[in-house]
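Single-structure report; data block below.
The values are calculated or read from the model by the stated rules, or taken from the named source; none is laboratory data. Because the structure is predicted, anything quoted here is derived from the model rather than measured. All Cβ positions, glycine included, derive from the backbone under ideal geometry; neighbour counts span all protein chains shown.
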(Lines give C-alpha, C1' and ligand atoms only; values in the text may rest on other atoms or scores of the structure.)
Protein backbone atom coordinates (compact mmCIF):
# COMPACT_ATOMS: atom_id res chain seq x y z
CA UNK A 1 0.00 0.00 0.00
CA UNK A 2 1.37 3.38 -1.03
CA UNK A 3 0.99 6.39 1.25
CA UNK A 4 0.84 9.97 0.04
CA UNK A 5 3.05 11.45 2.74
CA UNK A 6 2.53 15.02 1.63
CA UNK A 7 -1.27 14.64 1.77
CA UNK A 8 -1.12 13.01 5.20
CA UNK A 9 1.08 15.83 6.53
CA UNK A 10 -1.19 18.45 4.94
CA UNK A 11 -4.36 16.91 6.41
CA UNK A 12 -2.76 16.59 9.83
CA UNK A 13 -1.69 20.22 9.69
CA UNK A 14 -5.21 21.33 8.69
CA UNK A 15 -6.75 19.30 11.52
CA UNK A 16 -4.31 20.80 14.03
CA UNK A 17 -5.04 24.29 12.72
CA UNK A 18 -8.80 23.73 13.25
CA UNK A 19 -8.25 22.50 16.79
CA UNK A 20 -6.13 25.57 17.58
CA UNK A 21 -8.73 27.88 16.01
CA UNK A 22 -11.59 26.27 17.97
CA UNK A 23 -9.62 26.48 21.23
CA UNK A 24 -8.77 30.14 20.69
CA UNK A 25 -12.44 30.92 19.94
CA UNK A 26 -13.53 29.28 23.17
CA UNK A 27 -10.89 31.24 25.07
CA UNK A 28 -12.03 34.45 23.37
CA UNK A 29 -8.62 35.16 21.83
CA UNK A 30 -9.71 34.68 18.23
CA UNK A 31 -12.58 36.05 16.15
CA UNK A 32 -15.24 33.80 14.67
CA UNK A 33 -16.96 34.29 11.32
CA UNK A 34 -20.71 34.48 11.97
CA UNK A 35 -23.31 33.24 9.55
CA UNK A 36 -26.05 35.67 8.51
CA UNK A 37 -29.32 35.87 10.47
CA UNK A 38 -31.34 34.23 7.68
CA UNK A 39 -29.04 31.21 7.67
CA UNK A 40 -29.22 30.92 11.46
CA UNK A 41 -33.03 31.04 11.35
CA UNK A 42 -33.06 28.29 8.73
CA UNK A 43 -30.74 26.18 10.87
CA UNK A 44 -32.84 26.70 14.02
CA UNK A 45 -35.96 25.62 12.13
CA UNK A 46 -34.21 22.53 10.77
CA UNK A 47 -32.98 21.58 14.26
CA UNK A 48 -36.46 21.99 15.73
CA UNK A 49 -37.90 19.94 12.87
CA UNK A 50 -35.41 17.15 13.52
CA UNK A 51 -35.86 17.09 17.30
CA UNK A 52 -39.66 17.24 17.32
CA UNK A 53 -40.04 14.82 14.40
CA UNK A 54 -37.89 12.32 16.29
CA UNK A 55 -40.04 12.74 19.41
CA UNK A 56 -43.30 12.42 17.45
CA UNK A 57 -42.09 9.24 15.73
CA UNK A 58 -40.97 7.65 19.01
CA UNK A 59 -44.18 8.56 20.82
CA UNK A 60 -46.41 7.42 17.94
CA UNK A 61 -44.60 4.08 17.77
CA UNK A 62 -45.03 3.73 21.56
CA UNK A 63 -48.79 4.26 21.13
CA UNK A 64 -49.06 1.82 18.22
CA UNK A 65 -46.82 -0.84 19.80
CA UNK A 66 -46.78 -0.31 23.61
CA UNK A 67 -44.47 -3.30 24.22
CA UNK A 68 -40.86 -1.97 24.01
CA UNK A 69 -39.55 -5.48 23.33
CA UNK A 70 -41.77 -5.73 20.25
CA UNK A 71 -40.58 -2.32 19.05
CA UNK A 72 -36.96 -3.44 19.31
CA UNK A 73 -37.83 -6.64 17.46
CA UNK A 74 -39.54 -4.66 14.68
CA UNK A 75 -36.51 -2.34 14.44
CA UNK A 76 -34.09 -5.26 14.10
CA UNK A 77 -36.15 -6.94 11.37
CA UNK A 78 -36.39 -3.61 9.53
CA UNK A 79 -32.62 -3.10 9.66
CA UNK A 80 -31.81 -6.59 8.38
CA UNK A 81 -34.59 -6.16 5.79
CA UNK A 82 -36.39 -9.35 6.72
CA UNK A 83 -40.11 -9.96 7.09
CA UNK A 84 -41.10 -10.22 10.74
CA UNK A 85 -43.16 -13.34 11.56
CA UNK A 86 -46.86 -12.64 12.09
CA UNK A 87 -47.66 -11.66 15.67
CA UNK A 88 -51.15 -11.65 17.20
CA UNK A 89 -52.28 -8.55 19.04
CA UNK A 90 -53.19 -8.67 22.74
CA UNK A 91 -56.87 -8.42 21.82
CA UNK A 92 -56.54 -11.43 19.53
CA UNK A 93 -54.86 -13.45 22.30
CA UNK A 94 -57.70 -12.48 24.62
CA UNK A 95 -60.26 -13.52 22.03
CA UNK A 96 -58.58 -16.91 21.51
CA UNK A 97 -58.59 -17.56 25.27
CA UNK A 98 -62.26 -16.58 25.56
CA UNK A 99 -63.27 -18.92 22.73
CA UNK A 100 -61.30 -21.80 24.30
CA UNK A 101 -62.86 -21.07 27.69
CA UNK A 102 -66.37 -20.99 26.21
CA UNK A 103 -65.87 -24.35 24.49
CA UNK A 104 -64.43 -25.87 27.68
CA UNK A 105 -67.18 -24.54 29.96
CA UNK A 106 -69.96 -25.55 27.61
CA UNK A 107 -70.96 -23.83 24.37
CA UNK A 108 -74.57 -24.76 25.14
CA UNK A 109 -74.61 -22.75 28.37
CA UNK A 110 -75.39 -19.05 28.57
CA UNK A 111 -71.95 -18.18 29.91
CA UNK A 112 -70.04 -20.46 27.54
CA UNK A 113 -71.98 -19.20 24.54
CA UNK A 114 -71.36 -15.58 25.53
CA UNK A 115 -67.63 -16.21 26.02
CA UNK A 116 -67.35 -17.67 22.53
CA UNK A 117 -69.30 -14.78 21.02
CA UNK A 118 -67.27 -12.09 22.81
CA UNK A 119 -64.02 -13.92 22.00
CA UNK A 120 -64.83 -13.94 18.29
CA UNK A 121 -65.53 -10.22 18.32
CA UNK A 122 -62.37 -9.51 20.33
CA UNK A 123 -60.41 -11.30 17.62
CA UNK A 124 -62.09 -9.10 15.00
CA UNK A 125 -61.17 -6.06 17.09
CA UNK A 126 -57.57 -7.28 17.35
CA UNK A 127 -57.30 -7.84 13.60
CA UNK A 128 -58.66 -4.35 13.05
CA UNK A 129 -56.03 -3.02 15.45
CA UNK A 130 -53.24 -4.83 13.60
CA UNK A 131 -54.45 -3.39 10.28
CA UNK A 132 -54.48 0.10 11.82
CA UNK A 133 -50.93 -0.27 13.17
CA UNK A 134 -49.68 -1.33 9.74
CA UNK A 135 -51.51 1.49 7.94
CA UNK A 136 -50.37 4.12 10.45
CA UNK A 137 -46.77 2.96 10.03
CA UNK A 138 -46.92 3.18 6.25
CA UNK A 139 -48.61 6.58 6.04
CA UNK A 140 -47.03 8.35 9.04
CA UNK A 141 -44.13 6.96 11.08
CA UNK A 142 -42.19 5.35 8.22
CA UNK A 143 -42.11 8.50 6.01
CA UNK A 144 -41.10 10.63 9.00
CA UNK A 145 -38.33 8.20 9.92
CA UNK A 146 -37.08 8.20 6.32
CA UNK A 147 -36.89 12.01 6.49
CA UNK A 148 -34.73 11.76 9.63
CA UNK A 149 -32.47 9.08 8.16
CA UNK A 150 -31.98 10.64 4.72
CA UNK A 151 -32.73 14.34 4.27
CA UNK A 152 -31.95 15.37 7.84
CA UNK A 153 -28.73 13.34 7.95
CA UNK A 154 -27.60 15.01 4.72
CA UNK A 155 -28.31 18.47 6.13
CA UNK A 156 -26.36 17.70 9.33
CA UNK A 157 -23.46 16.28 7.30
CA UNK A 158 -23.24 19.39 5.10
CA UNK A 159 -23.57 21.66 8.14
CA UNK A 160 -20.59 19.87 9.72
CA UNK A 161 -18.61 20.35 6.51
CA UNK A 162 -19.54 24.05 6.62
CA UNK A 163 -18.25 24.30 10.20
CA UNK A 164 -14.95 22.76 9.07
CA UNK A 165 -14.71 25.26 6.20
CA UNK A 166 -15.50 28.06 8.66
CA UNK A 167 -12.65 27.00 10.97
CA UNK A 168 -10.28 26.86 7.99
CA UNK A 169 -11.41 30.32 6.91
CA UNK A 170 -10.89 31.87 10.33
CA UNK A 171 -7.50 30.18 10.71
CA UNK A 172 -6.49 31.74 7.36
CA UNK A 173 -7.70 35.16 8.55
CA UNK A 174 -5.54 34.82 11.65
CA UNK A 175 -2.51 33.93 9.54
CA UNK A 176 -3.08 36.98 7.33
CA UNK A 177 -3.32 39.24 10.38
CA UNK A 178 -0.17 37.71 11.79
CA UNK A 179 1.69 38.06 8.47
CA UNK A 180 0.72 41.74 8.21
CA UNK A 181 1.99 42.39 11.70
CA UNK A 182 5.37 40.94 10.62
CA UNK A 183 5.86 43.40 7.72
CA UNK A 184 9.08 45.40 8.03
CA UNK A 185 10.76 42.70 10.10
CA UNK A 186 13.60 40.45 8.97
CA UNK A 187 12.92 37.27 7.06
CA UNK A 188 12.21 34.18 9.13
CA UNK A 189 13.25 30.69 7.98
CA UNK A 190 14.36 32.20 4.69
CA UNK A 191 10.85 33.56 3.91
CA UNK A 192 10.32 37.28 3.80
CA UNK A 193 7.24 38.78 5.54
CA UNK A 194 5.99 40.01 2.14
CA UNK A 195 6.09 36.51 0.65
CA UNK A 196 4.46 35.03 3.78
CA UNK A 197 1.67 37.63 3.54
CA UNK A 198 1.11 36.90 -0.15
CA UNK A 199 0.83 33.17 0.55
CA UNK A 200 -1.51 33.76 3.50
CA UNK A 201 -3.78 36.00 1.41
CA UNK A 202 -3.83 33.42 -1.38
CA UNK A 203 -4.86 30.73 1.13
CA UNK A 204 -7.51 33.08 2.51
CA UNK A 205 -9.06 33.61 -0.91
CA UNK A 206 -9.27 29.86 -1.47
CA UNK A 207 -10.71 29.29 2.03
CA UNK A 208 -13.27 32.09 1.54
CA UNK A 209 -14.37 30.63 -1.80
CA UNK A 210 -14.78 27.14 -0.34
CA UNK A 211 -16.67 28.51 2.66
CA UNK A 212 -19.06 30.56 0.49
CA UNK A 213 -19.72 27.58 -1.77
CA UNK A 214 -20.43 25.27 1.19
CA UNK A 215 -22.64 27.90 2.85
CA UNK A 216 -24.74 28.10 -0.32
CA UNK A 217 -25.07 24.32 -0.56
CA UNK A 218 -26.13 24.07 3.10
CA UNK A 219 -28.56 26.98 2.77
CA UNK A 220 -30.30 25.35 -0.21
CA UNK A 221 -30.74 22.15 1.80
CA UNK A 222 -32.08 24.08 4.79
CA UNK A 223 -34.57 25.94 2.59
CA UNK A 224 -35.82 22.54 1.40
CA UNK A 225 -37.15 21.87 4.91
CA UNK A 226 -40.22 23.93 3.94
CA UNK A 227 -41.08 21.30 1.33
CA UNK A 228 -40.58 18.63 3.98
CA UNK A 229 -43.06 20.41 6.24
CA UNK A 230 -45.64 20.30 3.44
CA UNK A 231 -45.06 16.55 3.07
CA UNK A 232 -45.26 16.04 6.83
CA UNK A 233 -48.61 17.88 6.88
CA UNK A 234 -49.91 15.44 4.28
CA UNK A 235 -48.69 12.48 6.35
CA UNK A 236 -50.44 13.95 9.40
CA UNK A 237 -53.76 14.21 7.54
CA UNK A 238 -53.43 10.61 6.36
CA UNK A 239 -52.67 9.47 9.91
CA UNK A 240 -55.78 11.21 11.28
CA UNK A 241 -57.93 9.68 8.53
CA UNK A 242 -56.51 6.23 9.27
CA UNK A 243 -57.10 6.71 12.99
CA UNK A 244 -60.66 7.93 12.44
CA UNK A 245 -61.40 4.92 10.23
CA UNK A 246 -59.94 2.60 12.88
CA UNK A 247 -62.10 3.97 15.69
CA UNK A 248 -65.18 3.95 13.45
CA UNK A 249 -64.60 0.27 12.66
CA UNK A 250 -64.07 -0.46 16.38
CA UNK A 251 -67.39 1.22 17.18
CA UNK A 252 -69.15 -0.85 14.50
CA UNK A 253 -67.63 -4.08 15.82
CA UNK A 254 -68.60 -3.34 19.43
CA UNK A 255 -72.10 -2.23 18.44
CA UNK A 256 -72.59 -5.51 16.58
CA UNK A 257 -71.32 -7.41 19.62
CA UNK A 258 -73.73 -5.58 21.93
CA UNK A 259 -76.58 -6.43 19.57
CA UNK A 260 -75.57 -10.09 19.54
CA UNK A 261 -75.32 -10.25 23.33
CA UNK A 262 -78.67 -8.52 23.75
CA UNK A 263 -80.33 -11.28 21.74
CA UNK A 264 -78.60 -14.08 23.66
CA UNK A 265 -76.84 -13.68 26.97
CA UNK A 266 -78.41 -10.28 27.38
CA UNK A 267 -81.68 -12.16 27.92
CA UNK A 268 -80.73 -13.58 31.30
CA UNK A 269 -83.38 -14.09 33.97
CA UNK A 270 -84.08 -11.33 36.43
CA UNK A 271 -82.53 -11.67 39.86
CA UNK A 272 -85.86 -10.86 41.52
CA UNK A 273 -88.58 -13.06 39.92
CA UNK A 274 -92.18 -13.07 41.08
CA UNK A 275 -92.81 -15.34 44.06
CA UNK A 276 -95.14 -17.49 41.91
CA UNK A 277 -92.45 -18.17 39.34
CA UNK A 278 -90.12 -21.13 39.15
CA UNK A 279 -86.90 -21.77 37.24
CA UNK A 280 -86.87 -23.61 33.91
CA UNK A 281 -84.14 -24.62 31.50
CA UNK A 282 -84.55 -23.96 27.76
CA UNK A 283 -84.04 -27.23 25.87
CA UNK A 284 -84.17 -25.96 22.29
CA UNK A 285 -83.92 -22.67 20.43
CA UNK A 286 -87.31 -21.08 19.79
CA UNK A 287 -88.12 -18.08 17.60
CA UNK A 288 -91.10 -16.02 18.78
CA UNK A 289 -94.03 -16.05 16.36
CA UNK A 290 -95.47 -12.71 17.49
CA UNK A 291 -94.91 -9.88 19.96
CA UNK A 292 -96.69 -11.77 22.74
CA UNK A 293 -94.04 -14.52 22.78
CA UNK A 294 -90.40 -14.63 23.82
CA UNK A 295 -87.58 -16.05 21.73
CA UNK A 296 -85.52 -18.70 23.52
CA UNK A 297 -81.91 -19.82 23.35
CA UNK A 298 -81.01 -23.40 24.27
CA UNK A 299 -79.22 -23.64 27.61
CA UNK A 300 -80.69 -20.46 29.12
CA UNK A 301 -82.28 -20.56 32.57
CA UNK A 302 -85.51 -18.52 32.72
CA UNK A 303 -88.40 -18.02 35.15
CA UNK A 304 -91.94 -19.26 34.34
CA UNK A 305 -95.40 -19.57 35.90
CA UNK A 306 -98.55 -21.45 34.98
CA UNK A 307 -101.46 -19.84 33.12
CA UNK A 308 -104.81 -21.11 31.90
CA UNK A 309 -103.35 -22.12 28.52
CA UNK A 310 -102.09 -25.73 28.96
CA UNK A 311 -99.47 -25.37 26.17
CA UNK A 312 -97.72 -22.22 27.40
CA UNK A 313 -96.10 -20.64 30.43
CA UNK A 314 -95.67 -16.97 31.12
CA UNK A 315 -91.91 -16.58 30.95
CA UNK A 316 -89.65 -13.84 32.24
CA UNK A 317 -86.27 -13.10 30.71
CA UNK A 318 -84.51 -10.07 32.16
CA UNK A 319 -87.14 -7.34 32.20
CA UNK A 320 -89.22 -8.89 29.39
CA UNK A 321 -92.25 -11.16 29.82
CA UNK A 322 -94.16 -13.22 27.29
CA UNK A 323 -95.56 -16.59 26.35
CA UNK A 324 -93.15 -19.52 26.06
CA UNK A 325 -94.05 -23.05 24.87
CA UNK A 326 -93.89 -25.71 27.60
CA UNK A 327 -92.45 -28.35 25.24
CA UNK A 328 -89.27 -26.28 24.85
CA UNK A 329 -88.65 -26.17 28.61
CA UNK A 330 -87.65 -28.37 31.49
CA UNK A 331 -88.99 -27.11 34.80
CA UNK A 332 -86.35 -27.25 37.52
CA UNK A 333 -87.26 -28.18 41.08
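Let me spell it out: the conditions are (1) surrounded by 13 or more Cβ atoms within 10 Å (Cβ to Cβ); (2) free of Cβ contacts under 8 Å to residues at least 40 places away in the same chain; (3) part of a helix (DSSP H, G or I), and residue 104 meets all of them except one. Which number is the exception? Failing condition for residue 104: (1). Out of 199, 142, one residue alone is surrounded by fewer than 19 Cβ atoms within 10 Å (Cβ to Cβ), assigned by TED's automatic domain parsing to the domain that holds residue 23 and within 30 Å of residue 250 (Cβ to Cβ). It is 142. Of the helices (runs of 4 or more DSSP H) lying entirely inside segment 1-83, those containing at least 3 residues that are modelled with pLDDT under 70 are 5-27, 68-79. Do we find a residue being in contact with a helix residue (DSSP H, G or I) (Cβ under 7 Å, 6 or more places away or on another chain), under 30 Å from residue 53 (Cα atoms) and at pLDDT 95 or above anywhere in segment 160-168? So far as segment 160-168 goes, yes, one or more of its residues are in contact with a helix residue (DSSP H, G or I) (Cβ under 7 Å, 6 or more places away or on another chain), under 30 Å from residue 53 (Cα atoms) and at pLDDT 95 or above. Could you identify the single residue in 207, 230 that is assigned by TED's automatic domain parsing to the domain that holds residue 110, more than 30 Å from residue 116 (Cβ to Cβ) and touching a helix residue (DSSP H, G or I) at 6+ places or on another chain (Cβ under 7 Å)? The conditions single out 207.
The residue pairs whose first member lies in segment 293-308 and is assigned by TED's automatic domain parsing to the domain that holds residue 277 and on the phi > 0 side of the Ramachandran plot, whose second member is modelled with pLDDT of 90 or more and buried (at least 16 other Cβ atoms within 10 Å of the Cβ), and whose beta carbons are closer than 8 Å, counting only pairs six or more residues apart or on different chains, are 299/282. Just one of the numbered conditions (1) at pLDDT 85 or above; (2) over 50 Å from the mean Cα position of the chain (by Cα) is not true of residue 295: (2).
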